[in-house]
1. Does P157 satisfy the condition of being assigned to a loop (DSSP other than H, G, I, E, B) and farther than 19 Å from T78 by Cβ?
2. So is F315 under 30 Å from P38 (Cβ atoms) and touching a helix residue (DSSP H, G or I) at 6+ places or on another chain (Cβ under 8 Å) or not?
3. Restricting to segment 1-60, give me the number of residues that are touching a Phe, Trp or Tyr at 6+ places or on another chain (Cβ under 6 Å), part of a loop (DSSP other than H, G, I, E, B) and under 30 Å from Y289 (Cα atoms).
4. Between L67, L21, L43, which is out of contact with any Ser or Thr (no Cβ under 9 Å at 6 or more places or on another chain) and not aromatic (F, W, Y)?
5. Can you confirm whether segment 28-43 contains a residue that is closer than 15 Å to Q269 by Cα and without any contact (Cβ under 8 Å) to a residue 24 or more places away in the chain?
6. Could you grab me the full set of residues in segment 263-287 that are touching a residue at least 12 places away in the same chain (Cβ under 8 Å) and assigned to a loop (DSSP other than H, G, I, E, B)?
7. Considering segment 309-325 alone, what residues qualify as being outside any strand (DSSP E or B), buried (at least 17 other Cβ atoms within 10 Å of the Cβ) and either under 19 Å from the mean Cα position of the chain (by Cα) or at positive phi (or both)?
Amino acid sequence: MKIESKLPNTKTSIFAVMTGLANEHGAINLSQGFPNFPISQELISLVNKNMLNGNNQYAPMPGILPLREAISEKLEDTYGHSYNPQTEITITPGATHGLSMIITSFIKPNDEVIIFEPAYDSYLPSVELCGGVVRPINLVAPTYHINWTEVENTINPKTRMIIINTPHNPTGTVLGEKDMKELIRLTKDTNIIIISDEVYEHLIFDNIRHESILYYPELIERSFVVASFGKTFHTTGWKMGYVASPKTLMDEYRKVHQFSVFTCNTPMQWAFAEYLKNKENYLSLGKFYQGKRDFLTKALEGSRFKVLDCKGTYFMLLDYSQISSENEMDFAVRLTKECKVATVPVSPFYSNEVDNKTLRICFAKTDETLLEAANILKRI
């Protein structure tokens, strides 16, 4: 039987590859973005309570209303914008699924989508599966900022969507107010839809404001916000998130959502609905992860790796150009096999050949794990 691949150029996710290598060689896994410390016992108890209370059958298609109401209240309290929980918020089985279904809902063959690279690896294949065309724009290294003149020159009548991600995976950079105003200027009077991937919204450092789409009414009307409970509450294996948008956009999204997953894990929805009532469960995260960032940065002092500036997420980039001239993939593999520290090369986050001699490391780990890894890296 002859099979014609819909994604002929797509390989196994770099996260799966590097985690597989880490497991095979017994390496410290700083590659895949998941914490290695316990999650809240309160949150686990809430899930268990709702299972025992019988909340184990299908939830409504867009998610249970109490969770959507809690999200609406959280967003209004945090950013000052209120979404209608009935019609403008949908619970998803993880942020990646939400991203994919937004793209599926709106992108038709030959529609163009602007993404900024290095980019989270699901964006490009999700567009290509719909027959869309990705127009990648490289962030300007080593600060990884957007060249808005290039964006303006790339936008054309076929441009249907722009995907932004702040705080940014894999670089740890954040967009500023000037960036958002440029986005307003360039999308005004167009039919361009914006996806704002804000899964690390609360993992932001140095007293910087997270420039959410929700601060900008001119952008809200054309935008989806994508969020993740997994990233926020250290529960990546639960695969729970949500998307929010104006009703006109959400109506189209739900047409696709209902036939791709219909609904999500019921007892966990009830647990999150209750857990969100305590603001400190998410507002304390910036300080917590800033401490992790600073701990690892200090632990790496004296190494030949250069730590690049990190303002958000739980990732940072290490420049290894003073250590080796190897390409990123080869160096990351050797580091895993020989030194027993697994990282992620940044080059697979590009659709073209870009090699800045940088590795992404995840610092959502215990201090003991970070110190052990840093001591190894300092000997290289």
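The values are calculated or read from the model by the stated rules, or taken from the named source; none is laboratory data. If you're wondering where the values come from, they're calculated on a predicted model, not measured in any experiment. Here the Cβ positions follow ideal geometry from the backbone for every residue, glycine too, while neighbour counts run over all protein chains shown.
1. Considered against the rule, which asks whether it is assigned to a loop (DSSP other than H, G, I, E, B) and farther than 19 Å from T78 by Cβ, P157 comes out as yes.
2. no
3. Matching residues across segment 1-60 total 1.
4. Matching residue, one of L67, L21, L43: L67.
5. no
6. Result: T263, C264, N265, L276, K277, K279.
7. C310, K311, T313, Y314
For (1) farther than 17 Å from I91 by Cβ; (2) hydrophobic (A, V, I, L, M, F, W, C); (3) surrounded by fewer than 22 Cβ atoms within 10 Å (Cβ to Cβ), each residue gets a yes or a no:
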| site | (1), (2), (3) |
| --- | --- |
| K188 | yes, no, yes |
| F224 | no, yes, no |
| L249 | no, yes, yes |
| H257 | no, no, no |
| A271 | no, yes, no |
| L276 | no, yes, yes |
